[in-house]
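Each reported figure results from applying straightforward, stated rules to the coordinates on display, with no laboratory input. Please read all numbers here as calculations on a predicted model, not as lab measurements. Don't worry about glycine lacking a Cβ; one is built from the backbone with ideal geometry, like all the others, and counts go over all protein chains shown.
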């Protein structure tokens, strides 16, 4: 498994095209690997996420992959070919460090949705046949993540002032895919967590969390958690 980071040059038209379309970015990430290379294995799957910095207006593409990638085509189209390439690290170095009780700062762009209950042919509400709806309020999105935390091996940290959790960059995106219009609800979660189940947490880091993993959702990244005083 590998974790990569690619800087994008938003002054270039190619970068804007990729960033504005999850479908085009999905295709670009896929082309970082040969046709026969596995996108999913027993260890994990292909995941990606875009990060936007308000502080210096930088944009980075993060990718978790089974095979070692080659992002030359993305750098040539959307990066700085003469100055910067990309970073790729062995993901196992991080995964092998995971242990119960550790505290981490995390970031996750997710697709917080639910299946709305619908009436079956017998007039009874059936949550299994309802359509998929996006959670649109901050409260709904927070609850979506909290409900999934423990089974994925972590809990959200909190204090007397509340949870160490912020939700921002809520978006509703629409794009064309194979002649159809796809609607994608996303939100960016930042916060602090504690590992409660190391195996489940490692699995989530490798396979992602939630739906729409092919369109930039589900990749949770971590760094050491620093308690604010």
Inset, instruction - Choose one answer from 108, 146, 46: the residue with the largest mean-square fluctuation in a GNM of the chain with alpha-carbon springs under 10 Å. - result: 146
Legend entry - Length-normalised contact order of region 2-94 in % [C-alpha pairs under 8 Å, at least 6 apart]: 47
Inset, instruction - Treat each spin label as a single point 7 Å out from the Cα along the C-beta direction, and report the residue 93 to residue 17 distance in nm. - result: 3.5
Inset, instruction - Report the residue, chosen from 13, 78, 32, that carries the largest GNM mean-square fluctuation when the chain is represented by alpha-carbon nodes joined by springs under 10 Å. - result: 13
Legend entry - Cβ-based exposure ranking for 160, 90, in which fewest neighbours within 10 Å come first: 160, 90
Inset, instruction - Please give the length that would be gained between residue 42 and residue 170 if that part of the chain were fully extended, namely 0.36 nm times their separation in residues minus their C-alpha to C-alpha distance (nm, one decimal). - result: 42.9 nm
Inset, instruction - Could you check the simple spin-label distance between residue 85 and residue 107, using points 7 Å along Cα→Cβ, in nm with one decimal? - result: 2.3
Legend entry - Gyration tensor verdict on region 28-113 (Cα atoms; rounded if a/c is under 1.5, prolate if a/b is larger than b/c, oblate otherwise): oblate
Inset, instruction - In a Gaussian network model over the chain where Cα atoms closer than 10 Å are linked, find which of 137, 186, 166 has the largest mean-square fluctuation. - result: 137
Legend entry - Rounded, prolate or oblate (a/c below 1.5 giving rounded, otherwise prolate when a/b exceeds b/c) for region 160-229 by Cα gyration tensor: oblate
Inset, instruction - Only Cα pairs under 8 Å and at least 6 apart count here; give the relative contact order of the chain as a rounded whole percent. - result: 26
Legend entry - Residue-span extension gain [residue 223 to residue 180] - 0.36 nm each, minus C-alpha spacing: 11.7 nm
Inset, instruction - Please report the relative contact order for region 134-229, taking Cα pairs under 8 Å with a sequence separation of at least 6, and give it as a percent rounded to a whole number. - result: 25
